[in-house]
Amino acid sequence: MGTCEMCGTERITTLLAEVSGTKLRCCSRCIDSNNMLVLERYMPKQPKAAQTQSNVGTGNIKMNRPEKEIASDFHLRVRKARVSKGLEQRELAKRINVRLNDIQKIEGGIVPSDSMAIKIEKALGVILLVEAEEDMERSVNVPSGRGMTIGDALDEFLNKDE
């Protein structure tokens, strides 16, 4: 969940979109109403792999188990596999015993739970859970406790050149 950088709505799924050459994280309502080009789907951060202990020989060795995460293009994979099998959304929902609304949300870009992803993988023969990649993040200075606005981004961009 994030905050729409266009209208300021908080705790909403956002998508990276482009308008007038500027990339913003926006809600689907702003994207639709402004005919914005969607560049990528928002993926909520998953916790880092927990360290586990395993007994090997006489000592304990700590090792990180790579976790799996939902593929960034999961919604496209689901839709493509469903269509290639000739299934309607309603048929897929019945087949895996979930609501039609859940399938519509997943194909619309809402991230499914791991258990839901596994059900879909089995039903459609598609891979949705992939090896986790390292997070490449960029820190942004935001004044006060409010969310970042377009004005904050502009100030940061203009101050970067100095």
**Message:** Using only alpha-carbon positions, what ratio does the radius of gyration of the stretch 67-131 give when scaled by 2.2 N^0.38 Å?
**Reply:** 0.97
**Message:** Sorting check: for 8-17, 30-39, 72-81, which peptide has the highest mean count of neighbouring beta carbons within 10 Å, and how do the rest follow?
**Reply:** 72-81, 8-17, 30-39
**Separation in nanometres of the label points that stand 7 Å from Cα toward Cβ, at residue 118 and residue 72** = 2.6 nm
**Complete:** Going through 85/105; 23/160; 23/80; 23/85; 68/105; 105/160 one by one, the pairs whose alpha carbons sit over 29 Å apart turn out to be 23/85; 105/160
**Item:** Rounded to the nearest 20 debye, dipole of the stretch 67-131 from Cβ charges on Lys, Arg, Asp, Glu
**Value:** 400 debye
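Every number here is computed from the coordinates shown, using simple stated rules; none is lab data. Note that this is a predicted model, so its numbers are computed, not measured. Note that each Cβ is placed from the backbone with ideal geometry, even for glycine, and that neighbours are counted across all protein chains shown.
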